[in-house]
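Read-outs: derived from the displayed coordinates by stated rules, not from any lab. As the structure is a prediction and not an experimental result, all values here were calculated from the model. Neighbour counts are summed over all protein chains in view; Cβ atoms, including those assigned to glycine, are modelled from backbone coordinates with ideal geometry.
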Ligand SMILES: O=C(O)c1ccccc1NCC(=O)[C@H](O)[C@H](O)COP(=O)(O)O
């Protein structure tokens, strides 16, 4: 069953509404330089309003953060999933795996070419999920840019992998058909402005996933 993650949330009512739509994961950007940044205490406040969704993955997205920073954020916010979205080494990922054994662990890689895809494969034994995102020279994520999915024709990692980068209600179905991921992750394709999600677009996305051949008005 395809998993769906909506990332870059900052507002509690939107988080509750998106959880009610039945998504599998919601993401909070813990990267201070991002326009979608949200402080650990605010994440915790949102998560306390999501107790009726015990299966929901509440994902903290970090990029090149210190282990201590991740630890403090996990303790303050109550997130159950850690997404490492920077240039974290396999050794660092292994240390995070050991310290947060009960948390779901996602390693995101920004794919530029075959070499970066090969590098992604190397992280598969270390994590629960690989997330493949677009490479951008100046932005770490939330770029709204798709990438060359043809690179994925022989990609078969030993763990589940999720597709990200420039997905929208309009292109998600064809992206899934072409690349066959275990999940998808969207941010800017379902928002009004950074951090402010567009619930109508999330609903349009879910309709598109239910009926891949329908024309979606977005
Ligand atoms: O979204 C951000 O602002 C961000 C900043 C720094 C690191 C990661 C970030 N986002 C990570 C995500 O998981 C996004 O959902 C992913 O990059 C896809 O974004 P989009 O292309 O806008 O759908």
> If you take the residues in segment 17-26 that are touching a helix residue (DSSP H, G or I) at 6+ places or on another chain (Cβ under 8 Å) and not in a loop (DSSP other than H, G, I, E, B), which one is nearest to residue 128 (Cα to Cα)?
Replying inline: 26
>> Cβ-Cβ under 9 Å, sequence separation 6+ or interchain: first residue in segment 13-26 and touching a residue at least 60 places away in the same chain (Cβ under 8 Å), partner surrounded by fewer than 20 Cβ atoms within 10 Å (Cβ to Cβ) and in a helix (DSSP H, G or I). Which pairs?
In response: 14/199; 17/199; 18/199; 21/199; 21/203; 21/206; 22/206; 23/206
>> Among the residues of segment 41-53, are any surrounded by fewer than 22 Cβ atoms within 10 Å (Cβ to Cβ), in contact with a helix residue (DSSP H, G or I) (Cβ under 8 Å, 6 or more places away or on another chain) and over 28 Å from residue 201 (Cα atoms)?
In response: no
> Identify, please: which residue in segment 136-156 is closer than 25 Å to residue 30 by Cβ and in contact with a helix residue (DSSP H, G or I) (Cβ under 7 Å, 6 or more places away or on another chain) and is, among those, surrounded by the most Cβ atoms within 10 Å (Cβ to Cβ)?
Replying inline: 142
>> Out of the strands (runs of 3 or more DSSP E) lying entirely within segment 109-218, which hold 3 or more residues that are within 14 Å of the ligand (Cβ to nearest atom) and farther than 23 Å from residue 87 by Cβ?
In response: 191-193
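Counting only residues that are within 12 Å of the ligand (Cβ to nearest atom) and surrounded by fewer than 21 Cβ atoms within 10 Å (Cβ to Cβ), which one in segment 77-87 is farthest from residue 43 (Cα to Cα)? Outline the logic, then answer.
Keep residues of segment 77-87 that are within 12 Å of the ligand (Cβ to nearest atom), which gives 81, 83-87.
After this cut, where a residue has to be surrounded by fewer than 21 Cβ atoms within 10 Å (Cβ to Cβ) as well, the list is 86-87.
Values: 86: 20, 87: 24 Å.
Top of the filtered list is 87.
Residues are listed down the side, and each one gets a yes or a no for (1) away from the ligand (no atom under 11 Å from the Cβ); (2) outside any loop (DSSP other than H, G, I, E, B):
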{"position": "28", "(1), (2)": "no, yes"}
{"position": "44", "(1), (2)": "yes, yes"}
{"position": "53", "(1), (2)": "yes, no"}
{"position": "65", "(1), (2)": "no, no"}
{"position": "69", "(1), (2)": "yes, yes"}
{"position": "75", "(1), (2)": "yes, yes"}
>> Based on this model, can you work out whether residue 58 counts as within 16 Å of the ligand (Cβ to nearest atom), within 20 Å of residue 7 (Cα to Cα) and part of a helix (DSSP H, G or I)?
In response: no
